[in-house]
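**Q** One structure coming up, written as structure tokens, with questions to follow.
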Amino acid sequence: ATPTSIMVGTGKGAENGILIKGADSLELAHKIQTIVLDKTGTVTQGRPTVTHYTTIRGTANGNELALLKLAGSLEQNSEHPLAEAVVQYAKSQGATLVSPSDFEAMAGSGVQGQVEGHWVQIGTHRWMTELGIDTQRLNDVWEQLEQSGKTAVWLAVDGQIEAIMGIADAVKPSSVSAIRALQKMGLEVVMLTGDNRRTAEVIAHEVNIQRVMAEVRPDQKADQVMALQQEGKLVAMVGDGINDAPALAQADVGMAIGTGTDVAIAASDITLISGDLWGIVTAIQLSHATIRNIQ
Ligand code: ADP
Ligand code: MG
């Protein structure tokens, strides 16, 4: 491509809220065959909210609030978007939070630590099972939550399940139409997430995505992109999180959500400033136009 056509393309991108780092991505984007979308913060708004809370022992003796204090206190130390939702919910219910005396984040699983002498674990069902913690008494609630597209977050105290929360994160209004436009352009759209399969499938269904890679650990996201490339596809990855950075770098074209983390933006070739998925469509159209001007 000529430097002039690249400059024109880059300039038009900027006018449309699309920041393009190098000439390569602008030349490649029109050849993309597969688009991998991260779920949380990319397809969805990335503003998770606790909409459901059930404890095993119910409301007796202020038990609900006491457990929220433990959960909110521990999650204060986490940078995960779900943690923020738990902290906000605990505060909104009147819990007074304290500093955990011990804290550890378990990537792709949850968090654990010590709060007021109690050993607290918050995270996925898979992790609870790995820890040998019995979830039986809340399994009905768990199923309902995931079937309605919510992320279930389990709370264990001193090795026993005590409560479950349902966290909702709405799909961006523009995601449905943007994904349909990409599919009409002949692209395969895949969703990639660390979240559980059942929740992921419900969200994917809402936006008409057929192929879902769920329960992917943070260090495996790049491998999943590589697997698609090994199918012979030219792959674009779109994401917002620290977790997504290696996958963004691995993809032939990495696109970051502008409202996402700096790490994701640094690892990508293109930044979609507003985070609207229509930016992907525009970027591909720009690439087509740039190439046409050259030939
Ligand atoms: P995502 O791709 O959705 O960002 P992650 O790999 O970061 O997912 O995490 C996978 C799952 O682990 C989350 O969906 C959540 O269920 C659980 N998890 C991770 N961190 C936390 C946390 N701080 N509090 C509660 N649950 C967590
Ligand atoms: Mg994300």
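The values are calculated or read from the model by the stated rules, or taken from the named source; none is laboratory data. Computed from a prediction, not measured in an experiment: that's the story for all the values here. No Cβ is skipped: glycine too gets one built from the backbone with ideal geometry, and neighbour counts run over all protein chains shown.
**Q** Collect the residues in the range 13-23 that are small (Gly, Ala, Ser), on the phi < 0 side of the Ramachandran plot and surrounded by 15 or more Cβ atoms within 10 Å (Cβ to Cβ), keeping them in residue-number order.
**A** Selection gives 13, 23.
**Q** Next up: Within 16 Å of ligand 2 (Cβ to nearest atom), buried (at least 22 other Cβ atoms within 10 Å of the Cβ) and over 16 Å from residue 48 (Cα atoms) - does that describe any residue in the range 194-202?
**A** Checked against the condition, which is being within 16 Å of ligand 2 (Cβ to nearest atom), buried (at least 22 other Cβ atoms within 10 Å of the Cβ) and over 16 Å from residue 48 (Cα atoms), the range 194-202 yields no hits at all.
**Q** Across the range 24-51, what is the total count of residues that are more than 15 Å from ligand 2 (Cβ to nearest atom) and either surrounded by fewer than 17 Cβ atoms within 10 Å (Cβ to Cβ) or under 15 Å from the mean Cα position of the chain (by Cα) (or both)?
**A** Selection size over the range 24-51: 5.
Conditions tested, residue by residue: (1) more than 16 Å from residue 241 (Cβ to Cβ); (2) of a type in the set (S, T, N, Q); (3) not assigned by TED's automatic domain parsing to the domain that holds residue 8.
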site: 35; (1), (2), (3): yes, no, no
site: 76; (1), (2), (3): yes, yes, yes
site: 79; (1), (2), (3): no, no, yes
site: 85; (1), (2), (3): no, no, yes
site: 89; (1), (2), (3): yes, no, yes
site: 94; (1), (2), (3): yes, no, yes
site: 102; (1), (2), (3): yes, no, yes
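So that you can scan it fast, the table gives a plain yes or no per residue for (1) within 16 Å of ligand 2 (Cβ to nearest atom); (2) touching a residue at least 24 places away in the same chain (Cβ under 8 Å); (3) farther than 22 Å from residue 216 by Cβ; (4) not polar (S, T, N, Q):
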{"site": "244", "(1), (2), (3), (4)": "yes, yes, no, yes"}
{"site": "263", "(1), (2), (3), (4)": "yes, no, no, yes"}
{"site": "266", "(1), (2), (3), (4)": "yes, no, no, yes"}
{"site": "281", "(1), (2), (3), (4)": "no, yes, yes, yes"}
{"site": "284", "(1), (2), (3), (4)": "no, yes, yes, yes"}
{"site": "293", "(1), (2), (3), (4)": "no, yes, yes, no"}
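**Q** On the basis of being more than 15 Å from ligand 1 (Cβ to nearest atom), acidic (Asp, Glu) and crowded, with 17+ Cβ neighbours inside 10 Å, does residue 252 make the cut?
**A** For residue 252, the condition - more than 15 Å from ligand 1 (Cβ to nearest atom), acidic (Asp, Glu) and crowded, with 17+ Cβ neighbours inside 10 Å - is met.
**Q** Another question, then. Grab the strands (runs of 3 or more DSSP E) fully contained in the range 1-79, keeping just those with 1 or more residues being more than 15 Å from ligand 1 (Cβ to nearest atom) and either over 18 Å from residue 274 (Cβ atoms) or in contact with a His (Cβ under 8 Å, 6 or more places away or on another chain) (or both).
**A** Because the criterion is at least 1 residues that are more than 15 Å from ligand 1 (Cβ to nearest atom) and either over 18 Å from residue 274 (Cβ atoms) or in contact with a His (Cβ under 8 Å, 6 or more places away or on another chain) (or both), the strands (runs of 3 or more DSSP E) in the range 1-79 that meet it are 34-38, 49-55.
**Q** Being in a helix (DSSP H, G or I) and acidic (Asp, Glu) is the filter; apply it to the range 80-138 and report the residue that is farthest from ligand 1 (Cβ to nearest atom).
**A** 130
**Q** Could you give me the residue pairs with C-beta distances under 8 Å whose first residue belongs to the range 139-167 and is more than 19 Å from residue 39 (Cβ to Cβ) and acidic (Asp, Glu), whose second residue is at pLDDT below 95 and surrounded by fewer than 14 Cβ atoms within 10 Å (Cβ to Cβ) wherever it lies, and which are 6+ apart or on separate chains?
**A** Pairs found: 162/57.
**Q** Please report, ordered by residue number, the helices (runs of 4 or more DSSP H) entirely within the range 167-281 with at least 2 residues that are over 16 Å from the mean Cα position of the chain (by Cα).
**A** Details: elements: 175-184, 197-206, 221-230, 245-250, 262-266.
Filter on the range 167-281 gives 175-184, 221-230, 245-250.
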